[in-house]
1. Here are some conditions: (1) in contact with a Pro (Cβ under 7 Å, 6 or more places away or on another chain); (2) crowded, with 22+ Cβ neighbours inside 10 Å; (3) over 30 Å from residue 435 (Cβ atoms); (4) not β-branched (Val, Ile, Thr). Residue 90 meets all but one. Which one does it not meet?
2. For residues that are farther than 20 Å from residue 150 by Cβ and in contact with a strand residue (DSSP E or B) (Cβ under 8 Å, 6 or more places away or on another chain), scanning just segment 265-286, find the one that is surrounded by the most Cβ atoms within 10 Å (Cβ to Cβ).
3. Of all the strands (runs of 3 or more DSSP E) wholly in segment 74-191, which have at least 1 residues that are in contact (Cβ under 8 Å) with a residue 12 or more places away in the chain and more than 24 Å from the chain's Cα centre (by Cα)?
4. Of (1) crowded, with 18+ Cβ neighbours inside 10 Å; (2) touching a Ser or Thr at 6+ places or on another chain (Cβ under 9 Å), residue 179 satisfies all except one. Which?
5. Search segment 302-318 for residues being touching a Ser or Thr at 6+ places or on another chain (Cβ under 8 Å) and either assigned to a loop (DSSP other than H, G, I, E, B) or among the acidic types (Asp, Glu) (or both), and hand back the single one that is surrounded by the fewest Cβ atoms within 10 Å (Cβ to Cβ).
6. Mind checking which residues of segment 1-45 are in contact (Cβ under 8 Å) with a residue 60 or more places away in the chain, surrounded by fewer than 20 Cβ atoms within 10 Å (Cβ to Cβ) and among the charged types (D, E, K, R)?
7. Looking for whichever is assigned by TED's automatic domain parsing to the domain that holds residue 404, surrounded by fewer than 24 Cβ atoms within 10 Å (Cβ to Cβ) and not basic (Lys, Arg) here; the options are 299, 289, 262, 321. Which one fits?
Amino acid sequence: MFLSVFDMFKVGVGPSSSHTMGPMVAAARFLDQMRASPFEFVGLRASLHGSLAFTGVGHATDRATILGLAGFMPETYDAVNAAKAMAEIKATHTVTPDGLGILRLNPTTDLIFDYDHALPGHANGMILMATDKQGDVILRESYYSIGGGFVMTEAELTAGKDSDEGAPVPFPFKTAAEMLDMAAESGKSIAAMKRINEISRGCEASLAKGTARLWQVMRDCMDRGLATDGILPGGLNVKRRAKNIHEALQAERGMNLTAPHTINDWMSVYAMAVNEENAAGGQVVTAPTNGAAGVLPATLRYYLDHVPGASSTHVEDFLLTAAAIGGLVKFNASISGAEAGCQAEVGSAAAMAAAGLCAVMGGSPEQVENAAEIALEHHLGMTCDPVRGLVQVPCIERNGLGAIKAVSAASLALRGDGSHLVPLDTCIETMRQTGQDMHHKYKETSLGGLAVNIPNC
């Protein structure tokens, strides 16, 4: 099993990888299908199902779908151009994707939120349709946004299509146990094995350039969040707090007045800055999702800015190790909040971040696996209950606490020798089972939990 670091970490747009990026990617795939078709198309329609319907407005799924059908893509998304395009689409009820001419699309009538009919394959389902002159549907495809910006058609999901279709890689571990066995046999670290796998599909220069860009985008996002205040969009009137907290922390430096636990505030503010940017629809990196995008960069910045002896030369090892763990979670369970609750998002992110931190601080493969297990274990059962479907409450603070748990997990693992009672594979399987048993109202539908127990208007 091989999942590239560039699949796990994707540059995209907020507020949600599954509800914003995924539908935009699905729309792009559908446009490609239309371009390859012999039919003459006149119009477009879409229906959103399951979690995409219940929290679609709060997650900007409707806007992402419309913009996707107009030709926008997450990795090249420009907010100014998108706003202009949306205004034009609302005024003309048309879109003009490249190579397909002018197509009818009325955002009010051609995009349906179907709350009553979930699609069978996944909680995040959508149907895209193209019509002829009479308004009859002549091309139709069902898509599932399965978390982290990954999208599959109904046929791909039914066939159990693996995300990896390339040539075999030198270290094809599908479980943590296999990963540790290969590390022991080869004498290589998890990052080294992952690097060899990546280079076998590309080249060393591309890997270095790509991982450097990922960290740059993560850090730029964080810096924007630390420098911006105001009210987040969506109607909850949630105030951005990262800027004020960061300024207070900077002012306290060198005053010998702060308690040791203030380091937790630094970790939290780094994560909150990212997730405030995500909530505002800014550019973020899935890590492994948008809703959990703050945990890993906050942990990495904690390492670089606060750990004595830290070096930026270790950033690639951090990301490669984290991606290896994220791939195990995605392959054997889920990184989708709509499928398994927030344990699959922030829990997975904390496991990835803990593993990355443990690795760059000199941890053995066994200690890295232990760090990931500790972090994931202590997120088991966490629900996804965003108020008004917005990725704000409890999501922003939750990323801060996820980063703190990640650092604690790495530290605990480094204090041991890597031996522990619960294997990471067992913890991942437990997370899968827990998500399967979790009531749907706690899986990104905003039908339970905080979403219904506090005023949201």
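1. (2)
2. Step one: filter segment 265-286 for residues farther than 20 Å from residue 150 by Cβ, giving 265-277, 279-282.
Cutting the leftovers down to in contact with a strand residue (DSSP E or B) (Cβ under 8 Å, 6 or more places away or on another chain) gives us 274, 277, 281-282.
Numbers: 274: 36, 277: 27, 281: 21, 282: 19.
Here the residue is 274.
3. Working: elements: 111-114, 124-131, 137-147, 150-153.
Ranges flagged: 111-114, 124-131, 137-147.
4. (2)
5. Filtering segment 302-318 down to residues touching a Ser or Thr at 6+ places or on another chain (Cβ under 8 Å) leaves 304, 315-317.
Now restrict to residues that are either assigned to a loop (DSSP other than H, G, I, E, B) or among the acidic types (Asp, Glu) (or both): 316-317.
Numbers: 316: 22, 317: 19.
This residue is 317.
6. 7, 29, 35, 40
7. Working: 299 fails: surrounded by fewer than 24 Cβ atoms within 10 Å (Cβ to Cβ); 289 fails: surrounded by fewer than 24 Cβ atoms within 10 Å (Cβ to Cβ); 321 fails: surrounded by fewer than 24 Cβ atoms within 10 Å (Cβ to Cβ).
Selected residue: 262, the only one of 299, 289, 262, 321 that is assigned by TED's automatic domain parsing to the domain that holds residue 404, surrounded by fewer than 24 Cβ atoms within 10 Å (Cβ to Cβ) and not basic (Lys, Arg).
Residue by residue, here is whether (1) outside any loop (DSSP other than H, G, I, E, B); (2) closer than 17 Å to residue 98 by Cβ holds:
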position	(1), (2)
15	no, no
18	yes, no
32	yes, yes
41	no, yes
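The values are calculated or read from the model by the stated rules, or taken from the named source; none is laboratory data. What you see is a predicted model, and the numbers here were worked out from it, not measured in a lab. Heads up, the Cβs are rebuilt from the backbone with ideal geometry, glycines too, and the neighbour counts pull from every protein chain shown.
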